[in-house]
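The values are calculated or read from the model by the stated rules, or taken from the named source; none is laboratory data. The structure presented is a predicted model; accordingly, all values stated were derived computationally and were not measured. Cβ: placed from backbone, ideal geometry, glycine included. Neighbour counts: every protein chain shown.
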Amino acid sequence: MALGGSRGRIVRQLVTESMLLALAGAGLGLAFAVFGIKGLVALGTNQSGGAVAIVLKSLSGVPENAAGVLVLMAVDAKRGGCRP
């Protein structure tokens, strides 16, 4: 009697774990960015109390790209692209 899950179940578990790790990493990255920007603004104040301008590039499109990659990975796994 063999123990373990089927190939599809293992792939689903790996994709789920990868998604959770990616979301946790993104959340931590956003938190570091928010506090980092606040720290930079605090360090960037000049002697007269005026803040130095910090220009940030827009991050639009990042969630859409991540979702697209996830869909492509799921389709590839469904078609059997993960077979050895």
Exercise. Within region 1-28, can you find the residues that are loosely packed, with under 10 Cβ neighbours inside 10 Å, farther than 18 Å from Ala74 by Cβ and among the small types (Gly, Ala, Ser)?
Worked result: Ala2, Gly4
For this session: Within region 41-84, track down each residue that is within 19 Å of Gly29 (Cβ to Cβ), at pLDDT 75 or above and among the β-branched types (Val, Ile, Thr).
Result: Val69
